[in-house]
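Below is one structure, written out as structure tokens, with a few remarks after it.
The values are calculated or read from the model by the stated rules, or taken from the named source; none is laboratory data. Since the structure is predicted, the reported quantities are computational estimates derived from the model, not experimental observations. For neighbour counting, all protein chains shown are included, and Cβ atoms are generated from backbone atoms with ideal geometry for every residue, glycine included.
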Amino acid sequence: MGRFILVRLLQSIVALVGISVFIFILVRAAGDPTILMRSSQTSEEDAQNIRVQLGLDKSQPEQYWIFVTSLIHGDLGDSLIKRKPVTEMIMAALPNSLKLVLASFGLSMLTALLLGVLGATRRDTWLDNGVKFIAILGQAVPNFWLAIVAIYVFSVVLKLLPTSGTGSLAHFVLPVGTLAFWILPGIMRLIRSSMLDVLDSEYIKLARIKGLPEGKIIWKHALRNALIAPLTAAGFIFAMLITGTAVIETVFSWPGVGRLTVEAVMGLDFPIVQGVTLMVAVIVLTVNLLVDILYAYIDPQIRYQRT
Amino acid sequence: MEETEVVTGEMDYGNTRRASIFTQLTFIIPAFVLAVLVFIAIFAPAVAPHPPNKMSLTKRLQPPAFVMGGSRAHILGTDKLGRDILSRAIYGARVSISVSLLVILITSSCGTILGITAGYLGGRVDGLIMRITDVSLCFPALLLAMLLAVSIGPSFLTVVLSMSILGWAPYARLIRGETLKLREADFVAQARIIGSSALRIMVRHIFPNIINPLIIMMTLSVGMLILTESTLSYLGFGIPPPTPSWGSMVSDGRSLIDRAWWISFFPGIAIGLVVLSGNFLGDWLRDKLDPRLRQI
């Protein structure tokens, strides 16, 4: 197990180095950042000074080394437009995103558990078919469109909820609801199908023969095992959450990391985009590492198979 | 990849007349929708009632024909520049189709080559390819799209690249799994005994046997790709304006949602309809060709 974790950790670090080189090359491919920063009065001499200040006069490997060492110190550079440290800007926006993500994830996980289990235990009833129908629609409809339709229905027509921004609890309802709905179908289908597999197994039959109450069999014995499938998809669900958050934050003008990045792309403010990408890469790799370790802990076969 | 399940398959067991009609419909309707889509995309100039970028300041924000105040000239209404929504939606199909077809072509060929190589050769090659696959599977394509949009600028090529660079991974994983099963098959062993090279076995013996899952996966990915493309253009780093695309049309209507709901509404319906058709067609194909692939 120790060897497995070590190998995995090393692989993650290699992946991270790969991603950082990729980002470094892309950002350098973007061309001279002083073009963006200079105004009509900027002389060539000033531009040269900025280049020296940014370290652009050094050789490529040297620049990469500076890039990496400042990364390790948590320095992601300064925003080209706001002239503020990127780390500071991300940290200011992060709590808003976390609130949105955690609330949506919690909501969709609970709903997915409930509907997934009910769908599996009441297979082919109107409830199961209804749930499947919603899941099929939910996977086909674009989330930004659904969010706009929700704004139209609840804010414009019914005048119940605010159209955008933050502040009160009411501001949470639409963003959290639409983001939760976006990730719901995937998780729900996973839980439903793995629940169906588990309910078919020998130990559930044994539990029934033993005379355990049905509720206990389903919610305790079966569900616990059925949850392994969504766990393996955690990385994928996480990627969906990140994409969904960026979109939903943009639709609702939610002051989170997603909107910060989208606006940075518009303004060609690449230090922010680069910083957010790196941050997400670190989080994604960490999540995958943890899932792998957890999974190997649950299922010993993996330890030997995949190292 | 999404875990899509089949609605029709489970009703098939009884093999009743009703179930069989239903199965037929889940093929006919989506195939019809996609055929219409391809048709109007190719013949957009002939089908569209107006040029997609023709502005008219006197006809701004006209509601659809079936709403009070709408006119027959603009069946789905006009946007804030007086452009016809229906015509723009028809031209928007071109973007969605060309992007997704190109991405499918690139990702499926790269994914197949890598998947067969990893599965057949095994060992270190397999380990390396699968690690890269695992990382690619979990890295959000949107983030890569942002990075590319900011470094090389938004364009058709940027959109295709940002969807392709990570998009091969699901193919590689699926094809590797299929190859692993085939590798131990008798016909592969016999080919090896008569001295066929690894390359020849992969191309002549393994590839023909993975075509079914490949086609299923390609069909199932249409929906996902159209959703991704529209998300990119909604956020503003898809195909740059004035080329109409469904995502950017929805985005145009966001700030006018209290006055002109139709600007956002209809392009979104178009996206949903096409994605739904792609998913249904994929499910139908899977049931037809290879029902054991339920887990894709």
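Assorted remarks:
- None of A:ILE209, A:ILE204 is touching a residue at least 12 places away in the same chain (Cβ under 8 Å) and either farther than 28 Å from B:VAL135 by Cβ or acidic (Asp, Glu) (or both) except A:ILE204.
- Within the option set B:ILE40, B:ILE97, B:ILE85, being in contact (Cβ under 8 Å) with a residue 40 or more places away in the chain and either surrounded by fewer than 15 Cβ atoms within 10 Å (Cβ to Cβ) or touching an Asp or Glu at 6+ places or on another chain (Cβ under 7 Å) (or both) holds for one residue only, B:ILE85.
- Whichever residue in segment A:219-239 is surrounded by 19 or more Cβ atoms within 10 Å (Cβ to Cβ) and of a type outside the set (A, V, I, L, M, F, W, C) and, among such residues, is nearest to A:LEU190 (Cα to Cα): A:PRO230
- Single match in B:SER96, B:SER108 (criterion: assigned to a helix (DSSP H, G or I) and within 30 Å of B:ALA46 (Cα to Cα)): B:SER96
- Qualifying residue in segment B:53-66 (condition: modelled with pLDDT of 80 or more, out of contact with any helix residue (DSSP H, G or I) (no Cβ under 7 Å at 6 or more places or on another chain) and either acidic (Asp, Glu) or surrounded by fewer than 18 Cβ atoms within 10 Å (Cβ to Cβ) (or both)): no
- Conditions (1) in a helix (DSSP H, G or I); (2) within 13 Å of another protein chain (Cβ to nearest Cβ); (3) of a type outside the set (S, T, N, Q); number of the one not met by B:PRO154: (1)
- Residue list for segment A:261-270, restricted to those being surrounded by 21 or more Cβ atoms within 10 Å (Cβ to Cβ) and either touching a residue at least 40 places away in the same chain (Cβ under 8 Å) or more than 7 Å from chain B (Cβ to nearest Cβ) (or both): A:ALA264, A:ASP269, A:PHE270
- Residue list for segment A:188-212, filter: part of a helix (DSSP H, G or I), within 35 Å of the chain's Cα centre (by Cα) and not charged (D, E, K, R): A:MET188, A:LEU190, A:ILE191, A:SER193, A:SER194, A:MET195, A:LEU196, A:VAL198, A:LEU199, A:ILE204
- Hey, A:GLY244 in contact with a Leu (Cβ under 6 Å, 6 or more places away or on another chain), surrounded by 21 or more Cβ atoms within 10 Å (Cβ to Cβ) and within 30 Å of A:ALA170 (Cα to Cα) or not: yes
- If you filter segment B:6-36 down to residues that are surrounded by fewer than 18 Cβ atoms within 10 Å (Cβ to Cβ) and not in a helix (DSSP H, G or I), you find that the one that is modelled with the lowest pLDDT is B:ASP12.
- Per-region count, segment B:239-296, residues touching a Ser or Thr at 6+ places or on another chain (Cβ under 7 Å) and under 21 Å from B:ALA65 (Cβ atoms): 4
- Looking across segment A:271-280, the residues that are under 12 Å from the mean Cα position of the chain (by Cα) and either at positive phi or within 7 Å of chain B (Cβ to nearest Cβ) (or both) come down to A:THR277, A:VAL280.
- Condition met for A:GLY215 (surrounded by fewer than 22 Cβ atoms within 10 Å (Cβ to Cβ), away from chain B (no Cβ under 14 Å) and assigned to a helix (DSSP H, G or I)): yes
- The single condition from (1) in contact with a Phe, Trp or Tyr (Cβ under 8 Å, 6 or more places away or on another chain); (2) over 21 Å from A:LEU110 (Cβ atoms) that A:LEU241 fails is (2).
- Residue in segment B:246-260 that is modelled with pLDDT of 85 or more and within 16 Å of the chain's Cα centre (by Cα) present: yes
- Test: residue in segment B:131-147 that is among the acidic types (Asp, Glu) and at the interface with another protein chain (Cβ under 8 Å from one of its Cβ atoms): yes
- Test: residue in segment A:87-96 that is within 14 Å of chain B (Cβ to nearest Cβ) and crowded, with 21+ Cβ neighbours inside 10 Å: no
- Residues that are within 10 Å of chain B (Cβ to nearest Cβ) and in a loop (DSSP other than H, G, I, E, B) within segment A:133-179 comprise A:VAL141, A:PRO142, A:THR163, A:SER164, listed in sequence order.
- When B:SER255 is tested against (1) in contact with a helix residue (DSSP H, G or I) (Cβ under 7 Å, 6 or more places away or on another chain); (2) without any contact (Cβ under 8 Å) to a residue 60 or more places away in the chain, just one condition goes unmet, and that condition is (1).
- Scanning segment B:37-60 for residues that are over 24 Å from B:ARG94 (Cα atoms) and outside any helix (DSSP H, G or I) yields one hit, B:ARG60.
- Test for B:LEU128: is it out of contact with any helix residue (DSSP H, G or I) (no Cβ under 7 Å at 6 or more places or on another chain) and without any contact (Cβ under 8 Å) to a residue 24 or more places away in the chain: yes
- Some residue of segment B:229-250 being among the hydroxyl-bearing types (Ser, Thr, Tyr) and surrounded by fewer than 22 Cβ atoms within 10 Å (Cβ to Cβ): yes
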